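The values are calculated or read from the model by the stated rules, or taken from the named source; none is laboratory data. Small disclaimer: the values here were computed from a predicted structure and weren't measured. Methodologically, a virtual Cβ is constructed for each residue, glycine included, from the backbone with ideal geometry; neighbour enumeration extends over all protein chains shown. Accessible surface is based on the protein model in full, side chains and every heavy atom, while ligands, DNA and RNA are left aside. Shrake-Rupley method; radii C 1.70, N 1.55, O 1.52, S 1.80 Å.
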Amino acid sequence: MKEQQIFIGGVWRCGGGAPMQSIFPADGSVNATLNAASLSDLEEAVASGERAWRNPGWRNMLPHQRAQILHRVADLIEARLDELAQLQSRDNGKPLAETRGLVMSAAGTARYFAAACELLEGELPTPRQPHLLTFSRYEPLGVVAAITPWNSPIASEMQKVAPAIAAGNAVILKPAEATPLMALELARLFEQAGLPAGLLSVLPGKGSIIGDALARHPQVRKISFTGGTVTGRYLAHVAAEKLIPASLELGGKSPTIVLEDADIELAARGICYGIFSSGGQACIAGSRLFIQQQVYPVLMARLLELTRALRIGHPFAAGTHIGPLISAQHRQSVMEYVQLAQREGGTLLCGGEIPADPTLAAGSYFQPTIIEGLNNQTRVCQEEIFGPVLVAMPFSDEADLIRQANDSIYGLAAGIWTRDTGRALRLSEQLEAGTVWINTYKVFSVSTPFGGFKQSGLGREKGIQGLKAWMQQKSIYLATGNGMNHWCD
Ligand code: ADP
């Protein structure tokens, strides 16, 4: 167990706030103890961020030099892949195979925004008047806030920090209470890669204290948040009061649709991965399954077979599919949803319990669970559970399917399984979701915008647009002729 320092304005030191711990969800042991950031730590981080982003050495740094820092971060991540994956697994209990993928994706994100920063172009519109040249350039916002959840820290943190830095801002990162270690390690990587001091500070601590103060700070010019819809709505109010942009990546209750002509094996495996990987602790988890009546029995039989064979185990054990949930408290909330499903008339087809294996007793493990017999109006189908719980529902009529799939406050993602691509594309146009996967699920490309419809969020991350979202445009008018103004003649 080590005493962890935090990173403020380029300096490693003990936080001035309350003591906190990072706990390994597999056995409840303490990974590290640390002190949260205090409000005066926040002031220091903002002040040094202000100095750092305004410094001409940074403002005038050539794009390829800025890109080089991000490439070096990616190099360091790739060189330390296993170690970083272990750290991430210790912080949140995800199996190593998954955290390795997340670590690699973080390196890819750093490289993408390195390239994007070199390719960024201003705009040169054709002016509507003669003797004028107008152009629009992108400038950084200043000191910006990134607030992240515990489920995929390295990926979600890089998704914010890399474009924010590429855009020329100073970032203050507030990681989730449960997972401070990865964010702090990320700061170390940026420091080693040569990022000037003050451009990145990491302030662990409670959302309601340090996260709130960060978002409200008058000098913070953007809030980029990934987390629950309730907190997201609150932060949208904070941003509205300050009139600053807010990018919100929130919850989901994503429908997965199996049409009668689907490749059953492909669909069953994709659905299994879409809901049960990460123990269902993913905003994009495909938690509502709509199956066309004709293939309901065959699809369900295969899905149950695959689910029952999933290996629940220690995050570091080879072949583990499902590690522990983030905490015993979170597992309790998932279990209560399973009990609610039964009270709402659902039938438990598999899972629903804490695994009996005594070697898993110290961790917050939970079995992958499939329920049928509920309708889409039930609470279990409307509320985000954020755990390994899937509800299967048959459908016969396509119009009814679309109505039910869209009958949700959320609109993050959807999946369609069919051999009829034209039909899939037509359906995809009718689904209210920021991402639609066809014959695949939960795969990502950093060049493709990601974000939610409805209460799943505001704004998009990734892609070139994901870089511009950390900038503001300045339009410049240059008179190219003798544009004497005769108004005061
Ligand atoms: P989750 O359910 O994923 O924990 P939260 O929305 O509670 O979702 O948390 C996501 C992130 O938001 C965490 O870093 C958390 O500390 C932070 N957070 C929670 N409440 C606030 C708040 N009032 N202001 C700013 N950040 C907050």
Approximate spin-label separation residue 50-residue 485, in nm, with each point projected 7 Å along Cα-to-Cβ = 3.3
For the range 409-458, what class follows from the C-alpha gyration tensor (a ≥ b ≥ c being the square roots of its eigenvalues): rounded when a/c is under 1.5, otherwise prolate if a/b is larger than b/c, else oblate?
-> oblate
Residue 131: accessible area at probe 1.4 Å, nearest 10 Å²?
-> 120
Which percent of the accessible area of the range 1-113 is formed by carbon and sulfur heavy atoms (probe 1.4 angstrom)?
-> 55
Using only protein heavy atoms and a 1.4 Å probe, report how much of residue 138 is accessible, in Å² to the nearest 10.
-> 40
Which whole-number percent gives the relative contact order of the range 273-375, counting Cα pairs below 8 Å spaced six or more residues apart?
-> 25
What number, in nm² with one decimal, is the all-direction average of the projected area of the convex hull of the alpha-carbon atoms of the range 255-438?
-> 9.9
Take the Cα of residue 407, step 7 Å along the line toward its Cβ, and report every residue of the range 360-379 whose backbone nitrogen sits under 11 Å from that point.
-> 375-378
What's the center-to-center distance, using Cα atoms, between the range 303-350 and the range 375-440 in Å?
-> 21
Hey, for a label at residue 192 modelled as a point 7 Å past Cα toward Cβ, could you say which residues of the range 101-116 have their backbone N under 14 Å away?
-> 107
Stretch gain in nm, segment residue 13-residue 398, where the contour uses 0.36 nm per residue and the Cα spacing is subtracted = 132.7 nm
To the nearest 10 square angstrom, what accessible area does residue 354 show with a 1.4 Å probe?
-> 80
For residue 476 and residue 261, what does the FRET efficiency come to when R0 = 45 Å and r is the distance between their Cβ atoms, rounded to the nearest 0.05?
-> 0.20
Computed from the beta carbon distance with a Förster radius of 51 Å, FRET efficiency for residue 362 and residue 423 to the nearest 0.05 stands at 0.55
Using alpha carbon centers only, the range 162-198 is separated from the range 226-289 by a whole-angstrom value of 25
By how many nm would the segment from residue 78 to residue 347 lengthen if fully extended, with 0.36 nm per residue of separation less the alpha-carbon distance?
-> 92.3 nm
If the chain between residue 60 and residue 40 were fully extended at 0.36 nm per residue, the gain over the current Cα-Cα distance would be 4.2 nm
Which of the helices in the chain, when you take each full DSSP H run, stretch at least 15 Å along the axis at their Cα atoms and have an average Kyte-Doolittle score of 0.5 or higher?
-> 96-119, 153-166, 180-192, 264-276, 296-308
Normalised per residue, the volume of the convex hull around the Cα set of the range 404-489 (Å³) = 208
For each pair in 442/468; 94/474; 94/462, compute the distance between the two Cα atoms and list the pairs where it is over 32 Å.
-> 94/474
Okay, helix-only estimate at 222 nm for the chain: each DSSP H run of n ≥ 4 adds -39500 (n - 2.57), divide by all residues, round to 500 deg cm²/dmol; what do you get?
-> -12000 deg cm²/dmol
Using Cα pairs under 8 angstrom and six or more residues apart, how large is the relative contact order of the range 122-236, in percent?
-> 29
Residue-normalised accessible area of the range 255-438, given per residue in Å² at a 1.4 Å probe = 39
Largest first and to the nearest Å, give the Cα extent of the range 37-157 along each principal axis.
-> 63, 35, 25
First check a/c for the chain, with a ≥ b ≥ c the square roots of the eigenvalues of its C-alpha gyration tensor; if it is under 1.5, answer rounded, and if not, answer prolate when a/b is larger than b/c or oblate otherwise.
-> oblate
Carbon/sulfur fraction of accessible area - the range 255-438, other protein chains in place, 1.4 Å, % = 51
Would you mind calculating the relative contact order of the chain from Cα pairs under 8 angstrom and at least 6 residues apart, reporting the percent as a whole number?
-> 18
